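The values are calculated or read from the model by the stated rules, or taken from the named source; none is laboratory data. Since this is a predicted model, take the numbers as computed values, not measurements. Positions of Cβ are backbone-derived with ideal geometry, glycine not excepted, and every protein chain shown enters the neighbour counts.
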Amino acid sequence: MNPYILLYKTLLPHKYKHYLQRAMGDTDMCHETLLHGTFYEEYELYGFADKDEAARREYLTDAVRNRICRRVNSREGERVVADKWLTYCRLKDFFHRRVMLIESEQTLSEAVAWGCRQGALVAKPANQCGGRGVQLLSGDGHEAWLALLNDKRGWVIEERIEQDAAVAQWNPSSVNTIRINTFLRRGQVRQFTSFIRTGRSGSFVDNGFMGGLFASIDTASGIIITDGYDEKGHPYPVHPDSRVPFRGMQIPHWQELALLAEKMAKAMPDMVYIGWDMALTPDGWEPVEANRGEFVAQQVTQHRGMRREFEGMCGL
């Protein structure tokens, strides 16, 4: 079997069939993945078919980002950031909503009772990203609650976030978040590239993987500086459902967000790089989760590679 196909089948079995349809016979794409670990989505999104070797190496692919993160971040810090419950435990002073972990029949009963009082709660797999598995559960959905207890991934239960109208204007059905990246070196925090994510009409999540849109934000001012894009690279000057534009719009209370991200970064001294997902509520900014996130949104919307800048921010 072609080693590239074997790699996909082993690491991404859910995408194996899609890969076969898209990449079979594409020698250049196979070569790119075998030598550099670039998966076919990145190859297509970044237009590698029309770029020479030097231009391709300017892009921060997942393989390169993961390698850098393993080098600069501590193993314990990475473990915490990869688990939503551990992240909450480390940073709970910054959270203003209740969060709990389903780990026993007792905690399940507590969560069901809580769900009955609240009407609905957000359930997230503790170790998943990209909006995968996120769902709303009502207190009377007993079968769904029992499924959480039996799921070995572990589930985090949270209160729903009420987002501010200024951010809800793009899509009110999803909590539209801001990704702000921090780099902590020698006790000093620097911020590099930010973007907004918005869901589509009727969707509860805003992640690009789940069909959402993203647009880059100027880190200094909080003004959106690009059109919106989806994860297929299609541009949207305005949100296709609400018709609200992206470019030129100001994210409110931007300096408060920057200051909060700096404080949270300093509370995670074993991590050089963290991507923070933040939601604006009527009472201010609320952390959604931490991750060592991808740079797809920034590079797609700004049409340039950011590998060298990322390496520099990490001190490499």
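Glu231 meets all of the listed conditions (1) within 24 Å of Cys89 (Cα to Cα); (2) outside any strand (DSSP E or B); (3) in contact (Cβ under 8 Å) with a residue 24 or more places away in the chain but one, namely (1). Taking every residue in the range 240-263 that is acidic (Asp, Glu) and pairing it with any residue that is outside any helix (DSSP H, G or I), at least 6 positions away or on another chain, the pairs with Cβ-Cβ distances below 8 Å are Asp241/Asn171; Asp241/Arg200; Asp241/Ser201; Glu256/Gly284; Glu256/Trp285; Glu262/Thr182; Glu262/Val189; Glu262/Gln191. Of all residues in the range 289-316 being small (Gly, Ala, Ser) and assigned to a loop (DSSP other than H, G, I, E, B), which is farthest from Arg197 (Cα to Cα)? This residue is Gly315.
Being farther than 29 Å from Gly211 by Cβ, out of contact with any Lys or Arg (no Cβ under 8 Å at 6 or more places or on another chain) and buried (at least 18 other Cβ atoms within 10 Å of the Cβ) is a description that applies to Leu108. Annotation note: Cβ proximity below 6 Å between a residue of the range 20-38 that is modelled with pLDDT of 80 or more and a residue that is of a type in the set (A, V, I, L, M, F, W, C) (sequence gap 6+ or interchain) occurs for Met29/Ala23; Gly37/Ala63. In the set (1) under 30 Å from Pro237 (Cβ atoms); (2) not β-branched (Val, Ile, Thr); (3) not in a strand (DSSP E or B), Arg179 fails one condition alone, (3). On the given criteria, is Val272 at pLDDT 95 or above, over 18 Å from the mean Cα position of the chain (by Cα) and not assigned by TED's automatic domain parsing to the domain that holds Gly133? Taking the combined requirement at face value, the residue does not satisfy it.
Quick one: would you say Glu286 is surrounded by 18 or more Cβ atoms within 10 Å (Cβ to Cβ), outside any loop (DSSP other than H, G, I, E, B) and not aliphatic (A, V, I, L, M)? Taking the combined requirement at face value, the residue satisfies it.
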